[in-house]
Amino acid sequence: MNTVNSVQALRAAVAEARRAGKRIGLVPTMGNLHSGHIQLVTRAAEHADFIVATIFVNPLQFGANEDLASYPRTLTADQEKLQQAGCHLLFTPTVEEMYPNGMGEQTRVSVPGVSEGLCGSSRPGHFEGVATVVSKLFNMAQPDVAVFGEKDFQQLAVIRAMVRDLNMPIQIIGEPTVRAADGLALSSRNGYLSDEQRAVAPALYRELQRVAAALQGGDNAFEPLLNESARQLESAGLRVDYLEVREATSLRPATADDRDLVVIAAAFLGKTRLIDNLHLKR
Ligand code: PAF
């Protein structure tokens, strides 16, 4: 696996793969890779023959009081994992390479509707930063297919809407969340948790399961269900940012008639913000 950090070198390597008749698969990441990320590479390899992973901690998607400076950067370990997973090319641009004219006057991509509410309310500007960097990565690598984790359910909805609205000829694949044995969704931010917090964290998934099971059983009293789960989470020591039932494609608040649902949540454990979701059809 080669690692390149310029757009020019990325384009040259992709062009060579294309000349050899290969289909290009892209896996954008911010690094500090865990087995959830490796699963994205494995899935990409089922749909493409030349796999490009990217590692870029994108300042444009972090709020002023968020963890941009402390976000874990583990390039050597990440390179080893990607190499073992069969990745062909790693793109690790600097901030200057991605935003050569600075971020202030950078053209932005904003996706209305699905970006609003949930994480869009708690992290203003976040999805504009995500949509902007992902569209830049798409233009740089020009993949046939790109794979994203379903753990970031709203992010995936934003990317799907962007690709649809801007007629980008790229197949988007959502890969199911990879979980620890106790149910906690794997996340680079889990590393921020103390041992005590780590023991409490699976409560988030347990409550999603409880709500999902009730919905599956035909319960449409969303509010009391969610209130009870929020109470359980707060008494376990989490601070709930949001816990909601949404229609899974549009992300609008769910109604009793909806069949394709997502139970979606964000909660703080100390300073660490965890997100998770459970997608169900009924
Ligand atoms: O999910 C992530 O790691 C990031 O939001 C992404 C998609 C790589 C864009 O920076």
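The values are calculated or read from the model by the stated rules, or taken from the named source; none is laboratory data. Only a predicted model underlies this, so the values are computations on that prediction, with no experimental measurement involved. A quick note on method: Cβ atoms are made from the backbone with ideal geometry, for glycine too, and the neighbour counts reach across all protein chains shown.
Table: residues versus (1) within 16 Å of the ligand (Cβ to nearest atom); (2) over 25 Å from K22 (Cα atoms); (3) among the aliphatic types (A, V, I, L, M).
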| site | (1), (2), (3) |
| --- | --- |
| E96 | no, yes, no |
| N101 | no, yes, no |
| E105 | no, yes, no |
| V130 | yes, yes, yes |
| V145 | yes, no, yes |
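Can you pull out every residue in the range 6-41 that is of a type in the set (S, T, N, Q) and either surrounded by 15 or more Cβ atoms within 10 Å (Cβ to Cβ) or modelled with pLDDT under 95 (or both)? Show your work before the answer.
The initial filter retains those residues of the range 6-41 that are of a type in the set (S, T, N, Q), namely 6, 8, 29, 32, 35, 39.
Listed by number, the residues that qualify are T29, N32, Q39.
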Just one listed residue, out of A53, A48, A44, is away from the ligand (no atom under 16 Å from the Cβ), within 14 Å of A85 (Cβ to Cβ) and crowded, with 20+ Cβ neighbours inside 10 Å, and it is A48
Exercise. Given the structure, is G129 part of a helix (DSSP H, G or I), touching a His at 6+ places or on another chain (Cβ under 9 Å) and buried (at least 19 other Cβ atoms within 10 Å of the Cβ)?
Worked result: no
Can you find a residue in the range 154-173 that is in contact with a Gly (Cβ under 6 Å, 6 or more places away or on another chain), more than 13 Å from the ligand (Cβ to nearest atom) and touching a residue at least 40 places away in the same chain (Cβ under 8 Å)? no
Being of a type in the set (G, A, S) and either over 21 Å from G149 (Cβ atoms) or free of Cβ contacts under 8 Å to residues at least 40 places away in the same chain (or both) narrows G36, G21 down to just G21
Across the range 215-247, the tally of residues that are among the aliphatic types (A, V, I, L, M) and under 15 Å from K281 (Cβ atoms) stands at 2
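Within the range 169-226, which residues are polar (S, T, N, Q), under 30 Å from E46 (Cβ atoms) and outside any loop (DSSP other than H, G, I, E, B)? Walk me through how you get there before you give the answer.
Restricting attention to the range 169-226, the residues satisfying the condition of being polar (S, T, N, Q) are 171, 177, 187-188, 190, 194, 197, 209, 216, 220.
Then drop every residue that is not under 30 Å from E46 (Cβ atoms), which leaves 171, 177, 187-188, 190, 209, 216.
Within the range 169-226, Q171, S188, N190, Q209, Q216 meet the criteria.
Here's the yes/no breakdown for (1) polar (S, T, N, Q); (2) part of a loop (DSSP other than H, G, I, E, B); (3) touching a Phe, Trp or Tyr at 6+ places or on another chain (Cβ under 8 Å); (4) within 18 Å of T272 (Cβ to Cβ):
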residue: G36; (1), (2), (3), (4): no, no, no, yes
residue: R43; (1), (2), (3), (4): no, no, no, no
residue: E46; (1), (2), (3), (4): no, no, no, no
residue: E66; (1), (2), (3), (4): no, yes, no, yes
residue: D78; (1), (2), (3), (4): no, no, no, no
Log entry, pairs with first residue in the range 60-77 being in contact (Cβ under 8 Å) with a residue 24 or more places away in the chain, second being among the aliphatic types (A, V, I, L, M) and surrounded by fewer than 15 Cβ atoms within 10 Å (Cβ to Cβ), beta carbons closer than 6 Å, six or more apart or on different chains, reads L60/M103; F62/L68
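Here's the yes/no breakdown for (1) in contact with a Leu (Cβ under 8 Å, 6 or more places away or on another chain); (2) without any contact (Cβ under 8 Å) to a residue 12 or more places away in the chain; (3) of a type in the set (A, V, I, L, M); (4) assigned to a strand (DSSP E or B):
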residue	(1), (2), (3), (4)
Q232	no, no, no, no
S235	no, yes, no, no
L243	yes, no, yes, yes
T249	no, no, no, no
T255	no, yes, no, no
V262	yes, no, yes, yes
F268	yes, no, no, yes
L280	yes, no, yes, yes
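Conditions (1) in contact with a helix residue (DSSP H, G or I) (Cβ under 6 Å, 6 or more places away or on another chain); (2) away from the ligand (no atom under 16 Å from the Cβ), marked per residue:
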{"residue": "L33", "(1), (2)": "yes, no"}
{"residue": "Q39", "(1), (2)": "no, no"}
{"residue": "A77", "(1), (2)": "no, yes"}
{"residue": "E80", "(1), (2)": "no, yes"}
{"residue": "G117", "(1), (2)": "no, yes"}
Exception for S194 within (1) of a type in the set (S, T, N, Q); (2) away from the ligand (no atom under 13 Å from the Cβ); (3) buried (at least 22 other Cβ atoms within 10 Å of the Cβ) falls at (3)
